[in-house]
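Contents: one structure, followed by commentary.
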Amino acid sequence: MRPYALSIAGFDPSGGAGILADIKTFENHKVYGFGVCTAITFQNDMEFEGINWVSVEKIKKQIDTLFRKFEISYAKIGIIPNLNILLEIIDFLAAKNPEIQIIWDPILQASAGFAIHNKVDKKQLLTICEKLTLITPNIPEMEALVPDMQVKKGAEMLCHYCPVLLKGGHRDGAPIDHLFGNGDQAEIYNGERIEGEIKHGTGCVLSAAVVANLALRQPLFNACRKAQKYVRGFISSNESRLGYHLKDYHLSIAN
């Protein structure tokens, strides 16, 4: 039987990000994916026109229905309207399964530039991080999460509460991802910048790939390493902004 993984995220009609991208990623890792919808977005691979949020009561009802039938131990959370609801969902998941591992992909702004969150309460952020297995911000997201600190210092501070996979794709030059954990320790993942269109939904695919690898019983370091390689395959799959999840192709790169 395949392991289970849960995506709690938004619906992107283009299929490039959100729940659809997560489920494709899970499936390509031979992990059975469940999806809970947090929002209906109005977007394609180039434009983000708006968002309708699903109420927290309906989000929790979706989760409750799944947990009544299935034993789910791995989850990722994507787009969420605010930290209060994020914390409520995390606590709800933990009540269903105290051992559940949760990754948060802190989507604070859509790739088309639409702002999701305007302000982050630092004390609440730290409370949330204490309950997580991993957080996967990119550089602009880290700047928004800890605006009073430099990016690296912010990651080093947050990793005292949970590991931080800091995505380096927004840097000039070669993208370098850092995994911060156990205080100041940092593991570096180097990748070559791939020419062509910037792919829509790479952050979603990366966090979903980490969850999938955790569900496959990989330790966190290996899960992050394999996920980064999977995303490289996704980015290089074609020249458009919508990447392909090619059967066995990305996994051959990740191994």
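Bear in mind that the values in this text are calculations on the coordinates, not laboratory data. In this text, all values refer to a predicted model and were calculated from it rather than measured experimentally. Backbone-built Cβ (ideal geometry, glycine too); neighbour counts: all protein chains shown.
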Worksheet entry | Sites C37 and R2, calculated FRET efficiency, Cβ-Cβ separation with R0 25 Å, nearest 0.05 | 0.70
Worksheet, complete the sentence: Any GluC sites (Glu not before Pro) in region 55-161 that lie in a DSSP loop and have at most 14 other Cβ atoms within 10 Å would be E71, E99, E130
Worksheet item: Amide H to amide H under 5 Å from L6: which residues, 5+ apart in sequence or cross-chain, H placed 1.01 Å off N in plane?
Response: F34, Y74, A75, K76
Discussion item. Using Cβ counts within 10 Å as a stand-in for footprinting exposure, how do S73, S14, S7 rank, fewest first?
Written reply: S73, S14, S7
Worksheet, complete the sentence: Simple SL model, points at 7 angstrom along Cα→Cβ for A186 and E57; separation in nm is 4.6
Practice prompt. Taking the Cβ of G35 as the centre, find all other residues whose Cβ is under 13 Å away and add up their charges (Lys, Arg: +1; Asp, Glu: -1).
Written response: -1
Discussion item. Give me the one-decimal nm value for the distance between modelled label points at E143 and F70, 7 Å along each residue's Cα-to-Cβ direction.
Written reply: 3.8
Fill in: Length added when fully stretched, R217-E130, from 0.36 nm per residue minus Cα-Cα
29.2 nm
